[in-house]
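The structure appears below as C-alpha cells.
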Amino acid sequence: MGYLSYRSGQQTVQDLTDQLLVKTENQVVQELDHHLSLPHEINQFNIAMVESGVIDLENLDQLHNYLIAEHQKFPQVTSVLFGNPQGAFLFVNDTELPKGNTAAQELQVEVGRFDLDNPSRINLYALNVGGTIGCYFKTIKNVDVRERPWYRRAVTTQTSGWSDLFQIGTGNVLAINAYAPFYNASQELEGVFSINLSLEALNHFLANLTLRSKAGEVFIIERNGLLVANSAGELPYRTSRRQKGKILEPGKVEFRRIPAQKSSNQVIAKATAALTEEFNDLNTIQSPQFIEFAMEAGKKDPYFLRVFSYQDDYGLDWLVVTVVPKSEFTGAIEANVRRTIALSGVALLASLGLGWWTSRRIARSLLRLSQASKSVAQGKFNDSFSTSRIREVDTLSESFSQMARSLQEAEQFRDHYQAKLEQEVTEKTLALSESYAELQLITDSISGCISFIDSSLRYQFVNHTYEVWFNCRKEDMIGRTVEEVIGAEAYQKALPDIQRVLAGETVTYEKELTYQGGKTRHVSAVLTPKLDAKNQVLGYYALITDISDRKQLELELKKANQDLEQLATVDGLTQLANRRTFDKHLQEEWNRAYRESLPLSILFCDVDYFKKYNDYYGHQAGDDCLQKVALIIKENCKRAEDFPARYGGEEFVIICAGINADNAKNLAENIRKRLFHRAIPHERNPDQNRVTLSIGIASVIPRPCDNPNDLLREADRALYLAKKQGRDRVISFQF
C-alpha cells in the first residue's frame with residue numbers, strides 16, 4: 001500500500017502541476033483576448049461610423065473631436081490615430097507635456113494635427129480638462145503619416161493587423177499598434193485608423209497573477225526570444241536616463257528590448273535557455289509543450305515548464321511560458337506516504353477482528369429473515385419479521401414487511417379493478433368529445449395549415465389558416481377533394497408525395513407551389529399516415545408551413561457568402577489572387593513539390609519607378625497602369641500550374657509549379673517584352689520613356705531543410721539585383 005501511495009503521489013504531482021499550469025494559461029489567454037481585442041474593435045467601430053455617414057472625412061475638425069472623445073472614453077489605449085493618402089494626420093496621445101502648461105498639469109494628453117500647408121509638419125497642442133484642444137506648445141518636422149510603419153503596413157497588406165513592438169513617444173513605453181485600412185466603393189483607399197496600445201498593463205497583470213508557487217514565474221516572449229511581459233516586475237526593455245529637468249526626444253532615447261535569456265530574473269533566463277536547448281528554434285513550437293529543467297546542471301532542483309503559442313486573427317504570434325518548482329508539490333506527498341504505511345498496518349489488524357465478529361451476527365439475523373420470507377411466499381402475510389441489533393438487517397426486514405403489505409393490497413385491488421376500469425372508460429369517452437373543441441381552438445392558433453384528409457383525398461378537418469390561405473370557410477372545405485381546394489397546378493406537383501403517404505410512408509418535402517387563385521408560396525410539408533389496427537391507411541395528417549421568407553433569406557445569404565469569398569481571395573483592383581490566397585497556394589505547391597521531388601519557381605515582379613508614375617499621372621492613372629500590367633501577366637500565364645497574384649502595391653508574384661529556372665526565365669522574358677512593346681507612356685522613367693518591369697526568379701526542388709520563405713526571399717534578392725543592374729531585366733537564382 002505504501003508503494004502504491006508513493007506511485008499515486010508521483011502521479012498527483014504531475015496532475016496538480018498540469019492543473020496549475022493550464023489554469024494559469026487560461027487566465028493569461030483571457031487577459032490577452034480582453035486586452036488585445038479592444039483596439040481592433042475600436043478601429044472597426046470607427047470604420048462603421050465612416051460608412052454610415054456619422055463621420056465625415058471631409059470635416060477634419062469633426063473627425064479630430066471624435067478621436068479626442070474616443071481617447072477619453074477608452075483610457076486603456078495610449079493613442080488614437082488617423083491618416084489618409086493625401087497626408088492628413090490626426091492623433092490623440094498620452095504623454096508628458098512641458099511643465100508650466102496649465103492644461104498639462106491636469107491632463108497629460110497631447111493632440112497632434114498636420115499642417116494644412118505642409119503635411120509633413122505636425123503641430124502639437126495640450127488637451128484641456130474639458131476635452132477641447134488647448135494651447136499650442138510644439139511643432140514636429142518631417143513626420144509624414146504615409147511613411148509611418150503602421151500606415152505603410154496597412155497599405156501593403158490591405159487588411160487589419162498588428163505592427164511590430166516599438167517605443168512610443170517621450171514616455172519610453174513598449175507598445176504595439178493595431179491598424180485597419182478602409183476603402184470606398186471603387187476599392188480606393190480612403191484612410192487608415194489605428195490604435196497604439198501600451199503593453200505595461202500586461203506586465204501589471206502578470207505581476208499580480210495568483211500562483212500556488214511563490215517561486216514560479218509567467219512570461220510572454222516573441223518568437224525571436226525578446227520579452228513582451230513578465231510576472232517578475234522586470235521591464236521588458238531598457239532606456240537611457242533622462243537629463244535633469246528635461247525629457248529626451250524620442251529619436252534621442254536609447255530604447256533596447258531585452259532578450260528573455262538575458263533577463264535579470266534567473267527563473268526567466270534559465271527557462272528560456274532550456275526552451276532554446278530543447279527546441280533549438282522557437283518558431284517550431286506550435287502546440288502546448290511540457291518539459292522539466294534544472295536551474296544548475298547536476299543539482300536536483302527541477303522546475304516544471306509549460307509553453308504554448310498564443311495567436312489571434314490579426315497575425316499576432318507570441319509564446320506564453322509558465323514555470324514552477326517541482327519541490328513545492330513533493331514535500332507534503334512524501335510525508336503523507338510515511339504516515340499511510342504506518343496507519344495501514346494498524347487498520348489491517350483491526351479490520352480482521354471486527355470482520356470475524358460482524359460476520360457471525362449477520363449470519364444469525366439473515367437465517368431468521370430467510371425463514372420469515374418463506375412464510376410470505378406461502379401466502380402467510382400476518383407472520384412478523386424478527387428484529388436484530390444490526391441496522392442494515394433491520395432495514396432489510398422492514399423492506400420485506402413492506403413488500404408483504406404491498407402484495408396483500410395488490411390482491412384487494414385486483415378484485416375491484418374491473419369495475420374501476422369500466423368507470424374510467426365511460427369518463428374518457430365523455431372527455432373525448434370535449435377535447436375535440438379544444439383541439440380545434442389550439443390548431444386555429446397555429447400559423448401553418450393543419451388538416452386531416454381521408455383515403456379518398458377529401459378534407460375531414462382543417463384549421464383557421466386554411467381559411468386565410470384559400471379565402472374559404474372551413475365548412476365549405478370539409479368533404480371537398482384536395483385538388484378542388486388547393487388547385488390543379490399545386491395538386492399535380494404534390495401528387496407523388498400524396499401517393500407515398502397513402503402507401504403508409506411518412507413524407508416531408510419543401511416545394512414552391514402555385515395555389516388556387518394564383519398565389520405562389522414556398523412551403524415545407526410533413527405528411528403522416530393514419531393507420532387502423534390492421535395497418536390499413538385511413539388517411540393522413542398534413543402540416544404545411546409557408547417558408548417563403550426563409551428561402552429568400554437563404555438566397556440572399558448564399559449570394560453574400562459568394563461575395564465575401566470573392567473579396568477574401570481576389571485583389572479588388574487587378575482581379576488577380578490577393579496576398580492571403582498567394583500565401584496559402586504557395587504552401588500547397590511547396591508541399592506537393594516536396595512530396596513528388598518536382599521543381600518549383602517564383603517570379604517576383606516590380607513596376608519600375610511606379611511612385612514617380614503615380615506622382616506625375618495621378619492615382620487613377622496609376623491604378624489603370626497596374627490593371628494593364630496585371631492583364632499582361634495573366635495572359636502570359638497559360639499553364640494551369642502558373643498562379644499569378646498581386647503581392648502588394650506595384651509588386652506582382654507568380655508561382656510556377658513543375659518548371660525549372662530556365663523555363664521560368666522564358667516566361668519572365670515574355671512578360672517583360674510584352675509590357676515593353678505595349679509602350680505605356682512613363683515620362684518620369686529616367687531609363688525608358690515607357691512602363692517597364694524588373695523581375696527576380698528563384699527556383700528549387702524542396703528539401704527537408706528548406707521552406708517556402710527561403711524561396712520567396714531568394715526571388716526578392718534576385719529582384720533587388722535586377723533593379724540594381726539597371727531595371728527592365730530578369731535575374732534568376734537557383735538554390
**Message:** Between Gln725 and Glu483, what is 0.36 nm times their sequence separation minus the Cα-Cα distance? Round to one decimal in nm.
**Reply:** 78.7 nm
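Based on the Cβ-Cβ distance from Asp317 to Arg717, what FRET efficiency comes out when R0 is 30 Å, to the nearest 0.05?
0.75
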**Prompt:** Once both labels are modelled 7 Å past Cα along the beta-carbon direction, what's the Thr284-Leu538 spacing in nm?
**Reply:** 7.5
**Complete:** The summed charge of the Glu484 Cβ neighbourhood (under 15 Å; Lys/Arg +1, Asp/Glu -1) stands at -1
**Item:** Virtual spin-label span in nm between Asp583 and Cys135, 7 Å along Cα→Cβ
**Value:** 4.9
**Request:** Compute the length gained on full extension between Ala568 and Leu555: take 0.36 nm times their separation in residues and subtract their Cα-Cα distance, giving the result in nm to one decimal.
**Result:** 2.7 nm
**Asked** How many nm is it between the label spots at Arg238 and Leu354, if each spot is 7 Å from the Cα in line with the beta carbon?
**Response** 6.7
**Request:** Whole Å is fine, so just give me how far the alpha carbon centre of segment 446-469 lies from that of segment 111-189.
**Result:** 68
**Item:** Hypothetical label at Thr514: residues of segment 449-471 whose amide nitrogen lies under 20 Å (7 Å Cα-Cβ projection)
**Value:** 469-471
**Message:** Once each part is reduced to its C-alpha centroid, what is the distance from segment 476-494 to segment 552-614 in angstrom?
**Reply:** 55
**Asked** Of Lys493/Lys519; Lys73/Lys138; Lys559/Lys628; Lys141/Lys612; Lys634/Lys724; Lys665/Lys724, which ones are farther than 20 Å apart at the Cα?
**Response** Lys73/Lys138; Lys559/Lys628; Lys141/Lys612; Lys634/Lys724
**Asked** In what sequence, highest mean first, do 459-470, 691-702 appear when ranked by Cβ atoms within 10 angstrom?
**Response** 691-702, 459-470
**Request:** Give, as ranges by residue number, the residues of segment 636-660 whose backbone N falls under 20 Å from the point 7 Å along Cα→Cβ of Gln575.
**Result:** 636-655
**Message:** Counting only other residues whose beta carbon sits under 11 Å from that of Pro686, what net charge do I get with K and R as +1, D and E as -1?
**Reply:** 0
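Please work out the FRET efficiency for the pair Leu116 and Ile701, using the Cβ-Cβ distance as r and a Förster radius of 45 Å; give the result to the nearest 0.05. Let's see the in-between values first.
Details: r = 57 Å, r/R0 = 1.27.
The computed FRET efficiency comes out at 0.20.
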**Full-extension gain in nm, Asp662 to Arg592, via 0.36 nm per residue minus C-alpha separation** = 23.1 nm
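Can you figure out the FRET efficiency of Asp710 with Gln62, using R₀ = 51 Å and their beta-carbon distance, to the nearest 0.05?
0.55
Where a number appears in this text, it was derived from the coordinates with a stated rule and is not lab data. On a predicted model such as this, the values are computed, not experimentally measured, just so you know. When we count neighbours, we look across all protein chains shown, and the Cβ atoms used for this are built from the backbone with ideal geometry, even at glycine.
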